[in-house]
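Okay, structure first, notes after.
Values in this text are rule-based calculations from the coordinates and carry no lab data. Since this is a predicted model, take the numbers as computed values, not measurements. Note that we place each Cβ from the backbone using ideal geometry, even for glycine, and neighbour counts take in every protein chain shown.
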């Protein structure tokens with residue numbers, strides 16, 4: 001399991017010691033508004049950690065906890081996974097942050113590092129992201145990463161905005177790939 005680092009964050013694969021920190025993020029209704037529409041219980045978070053640990057074992061990648069280096073606190077989480085959990089689908093990137101860490105560049109910082117992992121370590125040819133159509137903050141992170149809007153598709157039981165980028169677009173930003 002791979003630990004990633006950025007200037008301000010350490011991205012650690014989910015483990016049991018992250019339960020309380022992850023639940024603090026995922027129990028906030030504002031954080032979950034566009035994801036599931038409801039806060040997570042402690043049991044939900046524990047089940048998610050178990051699923052993620054199994055995916056790390058199967059795929060070699062999944063969800064990381066975002067640990068702020070200055071405070072050593074979990075301030076969010078993010079993933080590289082197969083869209084819809086199906087290996088026939090493209091790789092998906094995703095993230096969520098504690099509300100007090102919004103609009104500080106953490107999501108973009110983590111997304112850049114996870115995208116590099118997807119293209120350079122996993123060797124993916126393309127990377128997609130989906131978000132609720134009203135989640136403009138997440139869509140801005142996708143755009144800053146260099147992803148292009150593809151349209152509206154049904155994922156995660158909702159009509160989502162889909163963004164995509166290819167390995168060529170990642171390696172040569174600003175050029176058609």
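Hey, what D do you get for the chain in µm²/s if you plug the Kirkwood alpha-carbon radius into Stokes-Einstein at 37 °C and 0.692 mPa s?
Translational diffusion coefficient: 202 µm²/s.
From the Cα gyration tensor of segment 1-72, with a ≥ b ≥ c the square roots of its eigenvalues, which class applies: rounded if a/c is under 1.5, or else prolate if a/b is larger than b/c, or else oblate?
Here segment 1-72 falls in the oblate category.
State the Cα centre-to-centre distance between segment 123-177 and segment 42-71 in whole Å.
Between the Cα centres of segment 123-177 and segment 42-71 lies a distance of 22 Å.
Over the chain, what is the mean sequence separation of C-alpha contacts under 8 Å (at least six apart), divided by residue count, expressed as relative contact order in percent?
After rounding, I find 17 percent.
Each label point is 7 Å from the Cα along the Cα-to-Cβ direction; what then is the distance between the points at residue 50 and residue 149, in nm?
So the label points at residue 50 and residue 149 sit 4.1 nm apart.
Return 8, 103 ranked ascending by Cβ neighbour count within 10 Å, so the fewest neighbours appear first.
Ascending number of Cβ neighbours within 10 Å: 103, 8.
Under 17 Å from a point 7 Å along the Cα-to-Cβ line of residue 8: which residues of segment 97-115 have their amide N that close?
97-114
Taking neighbour counts of Cβ atoms within 10 Å as a proxy for exposure, in what order, fewest first, do 24, 127, 69 appear?
69, 24, 127
Add -39500 (n - 2.57) for each DSSP H run of 4 or more in the chain, then divide by its residues: what number comes out at 222 nm, to the nearest 500 deg cm²/dmol?
Value at 222 nm, helices only, nearest 500: -9000 deg cm²/dmol.
Arranged by the count of other C-beta atoms within 10 angstrom, fewest first, what order do 62, 108 take?
Ascending Cβ contact count within 10 Å gives the list 108, 62.
Given points 7 Å out from each Cα along the Cα-Cβ axis, report the residue 112 to residue 134 separation in nanometres with one decimal.
3.1 nm
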